[in-house]
Structure formats: structure tokens, C-alpha cells
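The values are calculated or read from the model by the stated rules, or taken from the named source; none is laboratory data. Because the structure is predicted, anything quoted here is derived from the model rather than measured. In this analysis, Cβ positions are derived from the backbone assuming ideal geometry, glycine residues included, and neighbour counts consider all displayed protein chains. Surface areas here come from the heavy atoms of the whole protein model, side chains and all, with no ligands, DNA or RNA. Shrake-Rupley method; radii C 1.70, N 1.55, O 1.52, S 1.80 Å.
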Amino acid sequence: MTLPDEQVADAARPGPLRAIYHVQAELEGPPRGLGLYLPGLVAHARIRINGHAVFDTLGDPARPLPRSADRIQLLRLPVEFLRSGSNDIEIEAIGQRYLSLSPIWIDELGALQRRYDERLLGAVIGPAIVATVMGCMALSVLLLWLRRPSQTLQGYFGAGALLWALHSAWTVLPYPLLTGVHLPVWWTTLYVAFVVLLVIFCIRLAGWRWRRFEQTLWALALSAPVGLYAAAEAGRLADAAEAWRLACIASVCVGVAAVSMYAWRRRDAASALLVASGAVSLAFGVRDWEVAHLGSDNNPVFLTPYAAVLFIALVAWMLIDGFVKATEALERANGELEERVARKSEALRGALEEMRTARDIALDADRAKSRFLAAASHDLRQPVHAIGMYLASIARAGLPPAAAETLSRIGASLGALGAMFDALLDISRMDAG
């Protein structure tokens, strides 16, 4: 038969499945430095060259099928097992409910090594690196959201990106986290969850408030495990998972339309990157669906994980742009603050100068007052002394008793007035130095 070949257990052919493939390889000349390359060996297998085993994983057929890098096999063909002319290659494949075998390449080992490296990089290493970077980026966004819970858009984007990273990492893990029917159910559920979160992020970013559409998306995500388990009981798990994935692709179309309108209004780098990320994600999703269902590769390189690179660039741009704008705003605020402080300092210096001037004027006035009082008190004492002498001369003239008493009181008052003038003169002299 033509490879790739795929066999699935069903009611007519229950598992375990077993198939033996024979390939005739015509080799010219002495066979040296040759290898056998299988880009998709999704089965436990034993490979024989002319009756000699060169690969054998049939020790425990009940364990899970190979995943990730274990599905890509490059074998060196020992020279002693090969011969010029016709060579028989026998591949015995076993799987509990599924097995698949890709086309087979026999060529120089160096040429096949390049094929192997390219497939390993594209199907396993590349998605693992992207998933790791995106997971770290998503955690950073979630930490920002936790610091500012009012920014719900950051929460949707961070959670969606983190689930996307986990989904990509799960896909390339060498060992499945779940087995049996649980693996496709929760793998599909995780896929639906991150798509729903990112689509809600897109429509909310665009300013759309489609409550019923969001409720439909949440129902799509929350009902996925229940619906898929029910479909598994009915023997229609593959069809149900397909329906959920197609519904997700349709919702992505709505999200791309929303961010496209948003970008048209904004017309900046961030919105353009967001539109590009959504459009590329949609295109890659459609391409991967077509490759998985209509392609001839049983272990293809899926491009959807690589769409995350644009989302990483988008978030990096947004974080850098936000940091630059915050720095510029801080610099402007610092400049305005320094200008205000300079103005206040100048006003304070002016006020201090006015206070010093007023103080000097007050001191000059005080000294002038003291000089005036000193001069005035001296001049005022002369008439007081004169009045005292007049009173003394009147007292010697012999006055009646009543007049003498009045004169005595006038003398006492004049003495008190003189004492006050003396005290005022002493104080004014002290103030004047």
C-alpha cells in the first residue's frame, strides 16, 4: 500500500492492532554509510533489514504510543546487514487502538540527518522554545494584572497566553500526562480554553460589549470536557473534538474582525501587531486543520504554536512602549516639579529679602525712636526742674495751710513725673547703646 498508512480500532476491528509492512530496496554498488529515516512512526515497532533487527520497541505494546521526538526515527543501517541489489525491509507495527506509519527514506546518512534535524526542530524543539518564552511572558502579564486587578484585559490576555503555552508544551512532551480517552478530551479542552480567553480579550479591547457572544464562548469552554466525554461514550470523540475546534476557529474570525476595526481606529504599531497576530493565528489554525485532515503527512509540523511569536513580539512592544511612556511622563513630571521648586525658591528668596529689608527698616526706626526718646527725655527734664524750683520758692513765701497742702501734692506729682522721665531717659540711653 501507499504510505503513510493509518489504522484505527473500531467495532469491526477492535484493538490491539498489528500490521507488517515489507519494502524492497534496490541498492546499487557497495552499500556504505546509509540510513533509514521515518518522520512519523506512531506505533511500537520492530524493524528488520534482511532479517536482522535494527530497531525494536515491542517490549511493552501496552504502553502509550511514541510522542514528540520519539515519533521521528533515524537509523543507521549496518553495512554487514545490507547487500547490493534487492534488500528486504520489514516493519512490524503494533498499537492498542491506533497506529500509523510514514513514508520511508533510505539515503546517505548525512542527507537524512539534515532531514531529521529539520523535522525535529520544526515539530518539537521550536514549539518547546516558543512555549517556554510565551509562558514566561504570560506570567509577567499576570503579575502585572495581580498588581492592578482593575486591568481585566491584562488578566484575559495573560491567562489565555499561559494556557496556550501549556497546550504547546503538552503537545511536545515525550510522555503523555494523561492516557486513554482523557488525553484527547483535556487536550481539546485546553485548546478551547485559551482560544476563548484570547477572543474575549480581542473583542473587549476593541470596545465591543457582546454579552451573549461572550456567554456563548464561556459555554463553549466550560461544556467541552462534559461534551467530549459524552461523545467518547458514544464512540464519536473524534467528531466532537473536531466540532469544538472548528467552533474555535470561527470565534477567532470574530476576534480578528474586532481587532481589525480597533486597529483601523488607532492606527499605531501595537494595534497593527495585534491584527497581524490574530490573522496569522487564524491562517495557521486553518492550515494545521487542513494538514491534519487532508494532508499526506502523519506527523506534520504544526504552525499554530509559532503564531505565539507574534504575540510575544506584541507583548514585548506593549511593555516596552508602556515603559517608555511611563519614563517620559516621569521625566516630564520631574521637570515640572523642578520648575515649580525653582519658582517657589525664587519667591522664597524674594520674601526673605523683603523681610530683611523690613527688619533693617524696623531696626533703624527703633534706633531713631531711642535717639528721639533720649533727646526728648533730656529736654523734657529741664521744665520739670524749673517747675520744682518755682514750687520751692512758692513754699518759702508762706501760704495758707490749704494752699500749702495743694502745693505739697503738686510737688509729689512733679517728683513722680521726674522719676518717670529719669527712667525713660535711662532706657532710651540703653537702647541707643
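Find which of Asn298, Gly398, Ile125 sits farthest along the positive direction of the dipole of the chain, computed with +1 on the beta-carbon of Lys and Arg, -1 on that of Asp and Glu, about the Cα centre.
The Cα lying farthest towards the positive end belongs to Gly398.
Using a 1.4 Å probe and ignoring any ligands, DNA or RNA, find the accessible area of Tyr390 and quote it in Å² to the nearest 10.
Per-residue accessible area (Tyr390): approximately 150 Å².
Taking only protein heavy atoms into account and a 1.4 Å probe, give the accessible area per residue of the chain in Å².
57
How far is the Cα center of the stretch 201-264 from the Cα center of the stretch 288-329, in Å?
19
With charges set only on the Cβ (+1 for Lys and Arg, -1 for Asp and Glu), what does the dipole of the chain come to about its Cα centre, in debye to the nearest 20?
Dipole of the chain, to the nearest 20 debye: 1340 debye.
Rg and Dmax of the chain, using alpha carbons, in Å: what are they?
Cα radius of gyration and Dmax of the chain are 49.8, 176 Å respectively.
Could you grab the relative contact order for the stretch 214-304? Cα pairs under 8 Å, six or more apart, rounded to a whole percent.
Relative contact order, the stretch 214-304: 18 percent.
Once the whole set of protein chains is in place, how much accessible area is left on His293, using a 1.4 Å probe, in Å² to the nearest 10?
Estimated to the nearest 10 Å², His293 gives 90 Å².
For helix 152-172, report the angle its Cα long axis makes with the longest principal axis of the Cα atoms of the chain; keep it between 0 and 90° and round to the nearest 10°.
Tilt of helix 152-172: around 30 degrees.
Mind telling me which of Ala326, Ala169, Ala397 comes out most flexible in a GNM of the chain, alpha-carbon contacts under 10 Å?
Highest fluctuation of the listed residues: Ala397.
Students sometimes get this wrong: rank Val141, Val8 by accessible area, probe 1.4 Å, all chains present, largest first.
Val8, Val141
Taking just the C-alpha trace of the stretch 326-433, give me its Rg and Dmax in Å.
30.6, 104
Give the relative contact order (percent, whole number) for the stretch 310-433; include only Cα pairs under 8 Å separated by 6+ residues.
35 percent.
Give me the extension gain from Glu242 to Glu331: residue separation times 0.36 nm, minus the current Cα-Cα distance, reported in nm with one decimal.
Working it through step by step, the gained length comes to 26.7 nm.
Given a 1.4 Å probe and heavy atoms of the protein chains only, how would you sort Thr188, Thr406, Thr304, largest accessible area at the top?
The ordering from most to least exposed comes out as Thr406, Thr304, Thr188.
If you roll a 1.4 angstrom probe over the protein chains with everything in place, what fraction of the accessible area of the chain belongs to carbon and sulfur, to the nearest %?
Percent of accessible area from carbon and sulfur atoms in the chain: 63.
Protein chains only, probe 1.4 Å: how do Leu205, Leu197, Leu380 rank by accessible area, largest first?
Leu380, Leu205, Leu197
Compute the distance in nm between two label points, each set 7 Å from the Cα along the Cα-to-Cβ direction, one at Glu80 and one at Ala219.
6.9
Let me cross-check Trp317: its accessible surface, 1.4 Å probe, with only protein heavy atoms counted, in Å² to the nearest 10?
110
Helix 109-120 versus the longest principal axis of the chain: what angle, 0 to 90°, nearest 10, using Cα atoms?
So the inclination is approximately 50 degrees.
Rounded to the nearest 500 deg cm²/dmol, what is the calculated helix-only ellipticity per residue at 222 nm for the chain, with -39500 (n - 2.57) per DSSP H run of length n ≥ 4?
Value at 222 nm, helices only, nearest 500: -23000 deg cm²/dmol.
Let me check against my output: what whole-number percent is the relative contact order of the chain, with C-alpha pairs under 8 Å and at least 6 apart?
After rounding, I find 13 percent.
If you average the C-alpha positions of the stretch 1-72 and of the stretch 86-109 separately, how far apart do those two centres end up, in angstrom?
Between the Cα centres of the stretch 1-72 and the stretch 86-109 lies a distance of 3 Å.
If R0 is 41 Å, what FRET efficiency do you get for Ala419 and Leu363 from their C-beta distance, rounded to 0.05?
0.90
Subtracting the Cα-Cα distance from 0.36 nm times the residue separation, let me have the gained length for His385 to Arg343 in nm, one decimal.
My answer for the length gained is 8.9 nm.
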